[in-house]
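The values are calculated or read from the model by the stated rules, or taken from the named source; none is laboratory data. Note that the structure is a prediction, hence the values are computed from the model and not measured. Glycine gets a Cβ as well: all are built from the backbone with ideal geometry, and neighbour counts include every protein chain shown. Please note that ligands, DNA and RNA were not included when accessible areas were found on the heavy atoms of the full protein model with its side chains. Shrake-Rupley method; radii C 1.70, N 1.55, O 1.52, S 1.80 Å.
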Amino acid sequence: MPAARLYNPPMTADPLRARVAEILPRVRAIRHDLHRHPEVMFTEQRTSGVVQRELADLRIEHRAGLAGGTGVVGWLPATASPAAARTVALRADMDALPIHEETGRPYASQTPGVMHACGHDGHTAMLLGAARVLAASPERPHNVLLVFQPAEEGGAGGEKMCADGAISGRLLGRPADCIYGLHGWPDVPVGAVATRDGPLLAATDEFHLTIRVRGAHAAYPHLSVDPVVVAAHIVTALQTIVARRVNPIDAAVVTVGAIHAGHANNVIPETCEMNGTLRSLTDTNRALLETEFKRIVSGVAASLGAEAALDWQPGYPVTHNHPAATARFRTIARRALGDSRVLEREHPTMGGEDFSFYGRHVPASFFFLGLHPGDASPPVNLHTPRFDFNDDALPLGVEMLSRLALED
Ligand SMILES: [Zn+2]
Ligand SMILES: [Zn+2]
């Protein structure tokens, strides 16, 4: 981690940067307001209201009520011949998490047990900032779709936005030719952005498994099948998927995150519940994990005389960065920031993102925006009670989103 803060540009050297600096207090105020009032997936009514208020204030045509009620899409046509212009979509997510905040910030969550622990308050505020920059821009060579989605944290809000026509032109504007999104990233220094071609985040699938047997007194195990023993065999056998089925060159994860069975030392319970997550970086491996998982669960359970009821929950696809859209991002970012602030991620991360759904429709590219202050402190991880989006990252986020809509 570099010792000094990286992002300290001369604020007047570049007109766009000067404009970003002008509106920064408003972006910060919106971020803090959203942070105070976090809303978990599909309940983002107030947040959606803030977004709509800002778009209305900017006289940006928009539609609300998408993706279950809180999604919003705005439309800014190119200043000359929108019908001939390309359409760039920019996406932000709005939802918070069921975590109790421990940041001690003056603008900390006022809702006990709910907080912006993934920084979506920053994402939404920055896209509103970019909307302000773009609305005032004397020239816009591209059309812009501003996509504010609910429910990134497990609700597949991105998939619902696509289904509701947010980027197809069906609802508003014209069909997107490409889409960009970002995520504040704790281990990337403020002032830098980071990305890679191809897979950047993993596909995520979930399972909930119930092993059902006839229970018994613990002293008479021969009168039952012990679901705890069955679960132990299943957990062990599942380890062979990554170790012996996935190509060792590839990355994959099979995690059993929870096992619940029994309540007494002298009772063999009738059920054992297990749940967990599977992660992969290609569609092929995603399908392989599912097939192998199901085969092992049903095979092991049957071999031990137990019944296994599987509730398979497909999650998010791989977040795959389109090479052309990502090359465009790099060109724009390097021109603005210099090569040293545009970092390449050598490896994908096994986290997931529902930005991936947009990439199923149009060339998509996702990047990480640096949040680390650049001192010796360890990064504060996403989804933890002390995480807070770094305000120092706001100007670069607004700037990059604006440039992606204005430049090539
Ligand atoms: Zn998250
Ligand atoms: Zn997130």
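Of note:
- Which listed residue, of Thr331, Thr384, is modelled with pLDDT of 95 or more and under 29 Å from Lys160 (Cβ atoms): Thr384
- The lone exception for Leu55 - which of (1) aliphatic (A, V, I, L, M); (2) modelled with pLDDT under 95; (3) assigned to a helix (DSSP H, G or I) it fails: (2)
- Single match in Asp375, Asp339, Asp388, Asp392 (criterion: among the acidic types (Asp, Glu) and within 16 Å of ligand 2 (Cβ to nearest atom)): Asp388
- Of the strands (runs of 3 or more DSSP E) contained entirely in region 175-289, those carrying at least 3 residues that are among the hydroxyl-bearing types (Ser, Thr, Tyr) and touching a residue at least 40 places away in the same chain (Cβ under 8 Å) fall at 271-280.
- Test for Asp197: is it acidic (Asp, Glu) and either closer than 30 Å to Glu273 by Cα or under 16 Å from the mean Cα position of the chain (by Cα) (or both): no
- Count of region 356-383 residues which are among the hydrophobic types (A, V, I, L, M, F, W, C) and surrounded by 21 or more Cβ atoms within 10 Å (Cβ to Cβ): 7
- Of the strands (runs of 3 or more DSSP E) lying entirely inside region 296-408, those containing at least 1 residues that are over 19 Å from the mean Cα position of the chain (by Cα) and assigned by TED's automatic domain parsing to the domain that holds Asn143 span 342-344.
- All positions within region 58-108 that are assigned to a strand (DSSP E or B) and open to solvent by 70 Å² or more (accessible area, probe 1.4 Å): Glu61, Arg63
- Of all residues in region 157-182, exactly one satisfies the criterion of being within 16 Å of ligand 2 (Cβ to nearest atom) and open to solvent by 10 Å² or more (accessible area, probe 1.4 Å), namely Glu159.
- Test: residue in region 284-305 that is within 16 Å of ligand 1 (Cβ to nearest atom), open to solvent by 20 Å² or more (accessible area, probe 1.4 Å), at pLDDT 95 or above and small (Gly, Ala, Ser): no
- Condition met for Arg244 (open to solvent by 70 Å² or more (accessible area, probe 1.4 Å) and modelled with pLDDT of 95 or more): yes
- Only one entry in Phe366, Phe387, Phe355, Phe293 is in contact with a Leu (Cβ under 6 Å, 6 or more places away or on another chain) and either under 19 Å from Arg91 (Cα atoms) or touching a residue at least 12 places away in the same chain (Cβ under 8 Å) (or both), namely Phe366.
- Residue match in region 384-394 (condition: of a type in the set (S, T, N, Q), open to solvent by 10 Å² or more (accessible area, probe 1.4 Å) and out of contact with any Lys or Arg (no Cβ under 9 Å at 6 or more places or on another chain)): yes
- Residue check, Ile179 under 16 Å from His123 (Cβ atoms) and among the hydrophobic types (A, V, I, L, M, F, W, C): yes
- The number of residues in region 110-137 being open to solvent by less than 10 Å² (accessible area, probe 1.4 Å) and on the phi > 0 side of the Ramachandran plot comes to 1.
- Contact map, region 140-161: first residue touching a residue at least 12 places away in the same chain (Cβ under 8 Å), second residue within 16 Å of ligand 1 (Cβ to nearest atom) and β-branched (Val, Ile, Thr), Cβ cut-off under 7 Å, separation 6 or more or different chains; pairs are Phe148/Thr124.
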